[in-house]
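Student: Below are the structure tokens for one structure; questions will follow.
The values are calculated or read from the model by the stated rules, or taken from the named source; none is laboratory data. As the structure is a prediction and not an experimental result, all values here were calculated from the model. Note that we place each Cβ from the backbone using ideal geometry, even for glycine, and neighbour counts take in every protein chain shown. Keep in mind that these areas ignore ligands, DNA and RNA; they rest on the heavy atoms of the full protein, side chains included. Shrake-Rupley method; radii C 1.70, N 1.55, O 1.52, S 1.80 Å.
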Amino acid sequence: MYFLNNQGGKNKSSRINTTLYTKVYPVKGLRWDFNFNYQKRWDENKGWTIGNEQVKFSDGSIMKTATLPEDMSTWFTNYNNYSYTLENVLNYSTTIKRDHDLGALVGYNEYYYYQESNNATKKGLIDGTITTPGSATEMISIGGGAVDRATRSFFGRVNYAYKSKYLFEANLRYDGHARFHEDHRWGTFPSFSAAWRITEEKFMEGTRSWLDNLKLRGSWGKLGNANSGEYEYMATYNKVNNVLGNKQQSGLAITTLANELITWEKSQTTNIGLDVNVLKNRLSFEFDFFNRKITDLLYRPEIYLTMGNKTPPRKNIAAMRNRGYEITVGWNDQIQDFSYGITANMSYVKNKVLTHKGKLQEGWTTDENGNNIYSSNLGEISEGGIQRILEGHTINEYYLKDVYKGTGNYFHPDGTVNINGGPKDGMIRTEGDMEWLKAMMGSGYKFFPNQSIAKDKIWYGDYIYADANGDGIYGNSYDNQFQGYSNEPKYNYGIQLFGAWKGIDVSMNFAGAAGFKLYWSPTSGYNTTATRVGISIPKDIGYNHYFYDPSNQDDPRTNITSSNPRLTLGENGSQNVSASTRYLHSGNYLKMKNITIGYSLPTKIINKVMLQRVRVYFSGENLFTITNYPGQDPELGANPGYTSVKQIAFGLNVAF
């Protein structure tokens, strides 16, 4: 309340959005469309300090005196932008001798956008009631900026159909974008599509009693994406602070290196499809296979440290492929008064990074002294953390260490420690597990991250991690492995159901995804046994976590079978919060997105009261989700900024 009562201000926003358009038909079959859109926006924000006292509600005593005018501030921010879109399109269509349908289109599109902003804050008002910037005496900050962008496109299309049997279409775009240098600004993007309605052929006449439609289709096309920032093709200056004459001075410097050669990212897609309708269109089937290759992807390569702290330029150098298929099957029918239908769809896509920074090279080598050395160029040819971008892998594939998996045999018959004989699930649960761990450390093996045995290091109820590269160090960075999954689903699917009978209607919509995983990072109060002051322990962990006191084996709190590790004080340094597959979960789910049940009153009844339709209904959204994911909602990801809302509604529709 004190903060709100000591801040004054005014925000004002204005918008203009106007469109002018015409449609002209100069001759038969020819249409000229002209569209012009203009948008303008102004935002004016002002604020200032109000010198009110801070008063204690309980007794009216003054806790803080009013701010004096010399300590009061005033500030403003002004923002405005405008844009226009200009489009001219000529569209021609005709039919020749009833069998030949011909169409053509040519067009031009132009877009321009400009924005600017300025702001300032001043302190020390001459009078506390006068809050204009000119009445303040000390400049605290001042800033502002402007940016613009423009695109221009020429495009055309030709389509032809013969007896609605053979279909063909060709498109061509010539696009230019101001984000690129004038020598690399323009891109040409063609596309083609064709279809053959096989059921229209004479040799298919014997199938028309049950086969309603059989169409084979294919397409190929290329599109461009201007995915760079503004002005990246030129060296631009930014404000920087430096020390000159024992004082901080402001100046200009090139902070980001330029690259005149950047140009369009290009997406090339091939699609082959089949459409089938049978049994008087009651049963339908659609299949599409697609292969999408994206080349000249922009990314920022690393530069040598000798270049200082400058940001490297982006380059068109990476490539990626998405390949998969989509299937849709539907059945619709009516039996007397009962109509119903079901549609199921599923898509699969496999992603692969084709080129990026180079191939991964890692493994054991021998130096000039005959010593075995393990090396990896991962840091040089990939980027990311627990999700990385690497040639030959799925984009943002998880890169994590695995939890140790042993046989539980501990020692060989000769008494030597068995490196593969540790705890079966990787947790130090029993005294046998602990003896094995001590023997391993005594033989020179190391267990990261905590490396030693103690209550504040590695203890009963802690997990250990696998030694993937065989260097005798368990759980260090060289033991991270690519897991074959990212957080993007490989499969997406859905089911839609509907039915209606004598005024009663029901519809349901299910959606889901599979073939992906989510890394739910250890977070106090949610999924970790590391505790912190002021944060509660999750119920599932509070009632079921590992506990064993070797000095009191009869302690009733003993629980050595839980999959949750022991409770530890503090998050930092815990053996169990190390990034690993222990926190990587399947995100597969099936969710009821919507259900609606309604009833429409008979027409003969409502017509008596001058109504056309009366319908009551119940609807629900996000009512349940079938999943093994332990977090909040796999559809929203591992760390959503909001929650999915379960909604139930009852309603009445009345039409007069």
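Student: In region 326-371, which residues are open to solvent by 60 Å² or more (accessible area, probe 1.4 Å) and within 24 Å of Ile389 (Cα to Cα)?
Tutor: Residues satisfying the conditions are Lys350, Lys352, Lys359, Gln361, Glu362, Trp364.
Student: Condition check: under 30 Å from Ser228 (Cα atoms), in contact (Cβ under 8 Å) with a residue 12 or more places away in the chain, in contact with a Leu (Cβ under 8 Å, 6 or more places away or on another chain) and surrounded by fewer than 16 Cβ atoms within 10 Å (Cβ to Cβ). Does Ile317 satisfy that?
Tutor: Here the answer is yes, as Ile317 does meet what is asked.
Student: What is the number of the single condition among (1) touching a residue at least 40 places away in the same chain (Cβ under 8 Å); (2) surrounded by 12 or more Cβ atoms within 10 Å (Cβ to Cβ) that Pro550 does not meet?
Tutor: If we test Pro550 against (1) touching a residue at least 40 places away in the same chain (Cβ under 8 Å); (2) surrounded by 12 or more Cβ atoms within 10 Å (Cβ to Cβ), just (2) comes out false.
Student: Of all residues in region 569-599, which are more than 30 Å from Asn492 (Cβ to Cβ), of a type in the set (Ser, Thr, Tyr), open to solvent by less than 30 Å² (accessible area, probe 1.4 Å) and in contact (Cβ under 8 Å) with a residue 60 or more places away in the chain?
Tutor: Ser578
Student: Let me ask something additional. Could you look through region 160-178, keep only residues that are open to solvent by 40 Å² or more (accessible area, probe 1.4 Å) and outside any strand (DSSP E or B), and pick out the one that is farthest from Asn225 (Cα to Cα)?
Tutor: Lys163
Student: Being of a type outside the set (A, V, I, L, M, F, W, C), open to solvent by less than 60 Å² (accessible area, probe 1.4 Å) and free of Cβ contacts under 8 Å to residues at least 40 places away in the same chain is the filter here; which residues of region 14-48 pass it?
Tutor: Residues satisfying the conditions are Ser14, Thr22, Asp43, Asn45.
Student: I'm trying to understand the selection: among the residues of region 309-355, which are within 20 Å of Leu590 (Cβ to Cβ), hydrophobic (A, V, I, L, M, F, W, C) and within 29 Å of the chain's Cα centre (by Cα)?
Tutor: If the condition is that a residue be within 20 Å of Leu590 (Cβ to Cβ), hydrophobic (A, V, I, L, M, F, W, C) and within 29 Å of the chain's Cα centre (by Cα), then Ile327, Val329, Ala344, Met346, Val349 are the ones that fit.
Student: Out of the residues in region 614-636 that are crowded, with 16+ Cβ neighbours inside 10 Å and part of a helix (DSSP H, G or I), state the one that is nearest to the chain's Cα centre (by Cα).
Tutor: Glu635
Student: Which of the following residues is among the small types (Gly, Ala, Ser), closer than 17 Å to Thr529 by Cα and either open to solvent by less than 60 Å² (accessible area, probe 1.4 Å) or part of a helix (DSSP H, G or I) (or both): Gly432, Gly444, Gly461, Gly408?
Tutor: Within the list Gly432, Gly444, Gly461, Gly408, the selection yields Gly461.
Student: Kindly evaluate Asn564 against the criterion of being on the phi < 0 side of the Ramachandran plot, out of contact with any strand residue (DSSP E or B) (no Cβ under 8 Å at 6 or more places or on another chain), of a type outside the set (Asp, Glu) and at pLDDT 90 or above.
Tutor: yes
Student: Could you check region 553-568 and list, in sequence order, the residues that are without any contact (Cβ under 8 Å) to a residue 12 or more places away in the chain, of a type in the set (Lys, Arg) and surrounded by 13 or more Cβ atoms within 10 Å (Cβ to Cβ)?
Tutor: Within region 553-568, no residue meets the criteria.
Student: How do the pairs read when you match residues in region 338-360 that are part of a loop (DSSP other than H, G, I, E, B) with residues anywhere that are of a type in the set (A, V, I, L, M) and open to solvent by 40 Å² or more (accessible area, probe 1.4 Å), using Cβ under 8 Å and keeping only pairs 6 or more apart or on different chains?
Tutor: Partner pairs satisfying both residue conditions: His356/Ile317.
Student: Being among the aromatic types (Phe, Trp, Tyr) and either open to solvent by less than 30 Å² (accessible area, probe 1.4 Å) or under 30 Å from Ser347 (Cα atoms) (or both) is the filter here; which residues of region 231-278 pass it?
Tutor: Of all residues in region 231-278, those among the aromatic types (Phe, Trp, Tyr) come to 231, 233, 237, 264.
Selection gives Trp264 alone.
Student: Scan region 194-229 residue by residue and report those that are without any contact (Cβ under 8 Å) to a residue 40 or more places away in the chain, open to solvent by 30 Å² or more (accessible area, probe 1.4 Å) and either in a strand (DSSP E or B) or not hydroxyl-bearing (Ser, Thr, Tyr) (or both).
Tutor: Answer for region 194-229, where residues must be without any contact (Cβ under 8 Å) to a residue 40 or more places away in the chain, open to solvent by 30 Å² or more (accessible area, probe 1.4 Å) and either in a strand (DSSP E or B) or not hydroxyl-bearing (Ser, Thr, Tyr) (or both): Ala194, Trp196, Arg197, Glu200, Lys202, Phe203, Glu205, Gly206, Arg208.
Results for (1) touching a residue at least 60 places away in the same chain (Cβ under 8 Å); (2) basic (Lys, Arg), shown as yes or no for each residue.
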position: Met139; (1), (2): no, no
position: Arg149; (1), (2): yes, yes
position: Val158; (1), (2): no, no
position: Ser164; (1), (2): yes, no
position: Asn171; (1), (2): no, no
position: Tyr174; (1), (2): no, no
position: Ala178; (1), (2): no, no
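Each row is one residue, and each column tells you yes or no for (1) open to solvent by 50 Å² or more (accessible area, probe 1.4 Å); (2) within 31 Å of the chain's Cα centre (by Cα); (3) of a type in the set (Gly, Ala, Ser).
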position: Ala136; (1), (2), (3): no, no, yes
position: Phe154; (1), (2), (3): yes, no, no
position: Phe180; (1), (2), (3): no, yes, no
position: Thr188; (1), (2), (3): yes, yes, no
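Student: Within region 91-108, restricting attention to residues that are closer than 15 Å to Asn171 by Cα and touching an Asp or Glu at 6+ places or on another chain (Cβ under 8 Å), which residue is least open to solvent (accessible area, probe 1.4 Å)?
Tutor: Per the stated criteria, the residue is Gly107.
Student: Output the residues belonging to region 104-134 that are out of contact with any Phe, Trp or Tyr (no Cβ under 6 Å at 6 or more places or on another chain) and in a loop (DSSP other than H, G, I, E, B).
Tutor: Hits for region 104-134 are Ile126, Asp127, Gly128, Thr129, Ile130, Thr132.
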